[in-house]
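Presented below is the structure to which this report refers.
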Amino acid sequence: MSILQTDFERLFCIILDYRMLTPQAVRKKLTRVIDPELQVNIVDLGLVYNIKVQKGEVKILMTLTTPGCPLSGIFEGLIQDALRDAEGFTKLSVELTFDPPWTPELMSDEARASLGF
């Protein structure tokens, strides 16, 4: 194997890693998911607790503002739509948790201001 081939393979791996979906890229895409009741995105609301990405599969651990939230069934579809055009995205799983429970302190400063907190 020549040095040129080794360098080429190394560069190819760097390019692939750069183009792979990352938790940061997913979080940015999730800012497009707007809570229909509050009209604030789910990231700024503090609903997204964890994002894992492995080989294009995205796993999101999130919460809702209340356990009885009537909109709980729509978020997975909204998230799927937000990630649909993400390069490398293949599969989504969303897990809801209420531990720890959501509190207004989890919101960004912008979200608090827009909601009057």
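The values are calculated or read from the model by the stated rules, or taken from the named source; none is laboratory data. Everything numeric here is computed off the predicted structure, so don't read it as measured data. In this analysis, Cβ positions are derived from the backbone assuming ideal geometry, glycine residues included, and neighbour counts consider all displayed protein chains.
A few comments on the model shown:
- Members of region 69-88 that are over 10 Å from LEU21 (Cα atoms) and at pLDDT below 90: CYS69, PRO70, LEU71, SER72, GLY73
- Failed item, numbered, when LEU78 is tested on (1) surrounded by 12 or more Cβ atoms within 10 Å (Cβ to Cβ); (2) closer than 20 Å to ASP44 by Cβ; (3) touching a residue at least 60 places away in the same chain (Cβ under 8 Å): (3)
- Scanning region 98-117 for residues being free of Cβ contacts under 8 Å to residues at least 60 places away in the same chain, surrounded by 12 or more Cβ atoms within 10 Å (Cβ to Cβ) and either among the β-branched types (Val, Ile, Thr) or under 14 Å from LEU64 (Cα atoms) (or both) gives a total of 3.
- Evaluation of ILE51 against (1) modelled with pLDDT under 95; (2) touching a Pro at 6+ places or on another chain (Cβ under 7 Å) (one fails), failing number: (1)
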